1. Mind listing just one residue for me: the one in region 90-113 that is out of contact with any strand residue (DSSP E or B) (no Cβ under 6 Å at 6 or more places or on another chain) and either surrounded by fewer than 17 Cβ atoms within 10 Å (Cβ to Cβ) or among the basic types (Lys, Arg) (or both) and, of those, nearest to Gln163 (Cα to Cα)?
2. When only residues in region 1-25 that are charged (D, E, K, R) and under 11 Å from Phe57 (Cα atoms) count, which is surrounded by the fewest Cβ atoms within 10 Å (Cβ to Cβ)?
3. For region 115-140, enumerate the residues that are loosely packed, with under 15 Cβ neighbours inside 10 Å, under 15 Å from the mean Cα position of the chain (by Cα) and among the small types (Gly, Ala, Ser).
4. Taking region 51-63 only, how many residues are surrounded by fewer than 16 Cβ atoms within 10 Å (Cβ to Cβ) and modelled with pLDDT of 95 or more?
5. Quickly run through region 7-31 and pick out the residues that are free of Cβ contacts under 8 Å to residues at least 24 places away in the same chain, closer than 30 Å to Leu82 by Cβ and either among the basic types (Lys, Arg) or in contact with a Lys or Arg (Cβ under 8 Å, 6 or more places away or on another chain) (or both).
6. So, in region 141-179, exactly how many residues are in contact with a Pro (Cβ under 9 Å, 6 or more places away or on another chain) and surrounded by 14 or more Cβ atoms within 10 Å (Cβ to Cβ)?
7. Hey, can you tell me all the residues within region 64-79 that are part of a helix (DSSP H, G or I) and surrounded by 11 or more Cβ atoms within 10 Å (Cβ to Cβ)?
8. If you scan region 172-201, which residues turn out to be of a type in the set (D, E, K, R), modelled with pLDDT of 60 or more and over 15 Å from Leu133 (Cβ atoms)?
Amino acid sequence: MGWHVDKATAATWISKCDALFEKDPVTDIWKPSTSGTGVAGWQVNFREKVEWDWSKFPVCDVYKDRNFDAVPVTVGAYDKRLQQINDFLQNTVPADIYAFEEVSGEQAVRDALPNGGTGYEVCTFSDFKVQRLAIAWKAVLGESIACTVEPELSLPNNPQDEQPRPGLSVELKIDGEPVRVLAVHLKSSCVSPLEASGDLTDDQDRDCRILQQRPRSGCER
């Protein structure tokens, strides 16, 4: 979904990114400006050190144009994007079960589903960073037996900046039979061997090396 948050959170995020930031000359950390000078959050490179609540908000420079320059977001533009997602899910990929990547929580999923998610149940979680997973299914399909976060897939013993996302599983009872759905968001930047970076077998590539560490146990149960 690409850093998708619910409408209320999006409005707060936009106002925070509209605000000015300045870099602390001592710590070299970008912080909200207290002097009334600086640059808008949209212009800050979030690959640098930034004082930011990563558990609630996307980075300000998440959306980029063809020149890879950050695109400032407005409430109107976000609403339009949300409507396009609604239309796409309803008309192009209608399904009984959806697995979502990069959503902030249940309300973000319901905002994305047609009719506010009426008639759907949602399995997700609230901890870890804002790019979370969720699984939604039509309530008439079956009841949920378990909604489980798979923390071992996040490599919790790694340094914080080398921890990928956890997995998420939901077990449903459909027509009297258990059906288990597992959602896993693989490590970004280890995408395809056809790109300069992305060969899973490349031990020298940082992101692919992290992806190699992820256990298979969560997928084998």
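The values are calculated or read from the model by the stated rules, or taken from the named source; none is laboratory data. On a predicted model such as this, the values are computed, not experimentally measured, just so you know. With ideal geometry, Cβ positions are generated from the backbone for all residues, glycine too; neighbour counts draw on all protein chains shown.
1. Filtering first and then ranking leaves Arg110.
2. Filtering region 1-25 down to residues charged (D, E, K, R) leaves 6-7, 16, 18, 22-24.
Still in the running and under 11 Å from Phe57 (Cα atoms): 6, 16.
Working: Asp6: 18, Lys16: 16.
Among them, the one singled out is Lys16.
3. Result: Ser126, single match.
4. Restricting attention to region 51-63, the residues satisfying the condition of being surrounded by fewer than 16 Cβ atoms within 10 Å (Cβ to Cβ) are 51, 53-56.
Keeping just the survivors that are modelled with pLDDT of 95 or more gives 51.
Residues in region 51-63 being surrounded by fewer than 16 Cβ atoms within 10 Å (Cβ to Cβ) and modelled with pLDDT of 95 or more: 1 in total.
5. Matches in region 7-31: Trp30 only.
6. Going through region 141-179, the residues in contact with a Pro (Cβ under 9 Å, 6 or more places away or on another chain) turn out to be 145, 149-156, 158, 163, 166-167, 171-172.
Those still in the list that are surrounded by 14 or more Cβ atoms within 10 Å (Cβ to Cβ) too: 149-155, 163, 166-167, 171-172.
Summing the residues that are in contact with a Pro (Cβ under 9 Å, 6 or more places away or on another chain) and surrounded by 14 or more Cβ atoms within 10 Å (Cβ to Cβ) in region 141-179 gives 12.
7. First, the residues of region 64-79 that are part of a helix (DSSP H, G or I): 75-79.
Correct list: Val75, Ala77, Tyr78, Asp79.
8. Initial filter on region 172-201 (of a type in the set (D, E, K, R)): 173, 175, 177, 180, 187, 195, 199.
Narrowing the set further to residues that are modelled with pLDDT of 60 or more leaves 173, 175, 177, 180, 187.
Of everything in region 172-201, those that are of a type in the set (D, E, K, R), modelled with pLDDT of 60 or more and over 15 Å from Leu133 (Cβ atoms) turn out to be Lys173, Asp175, Glu177.
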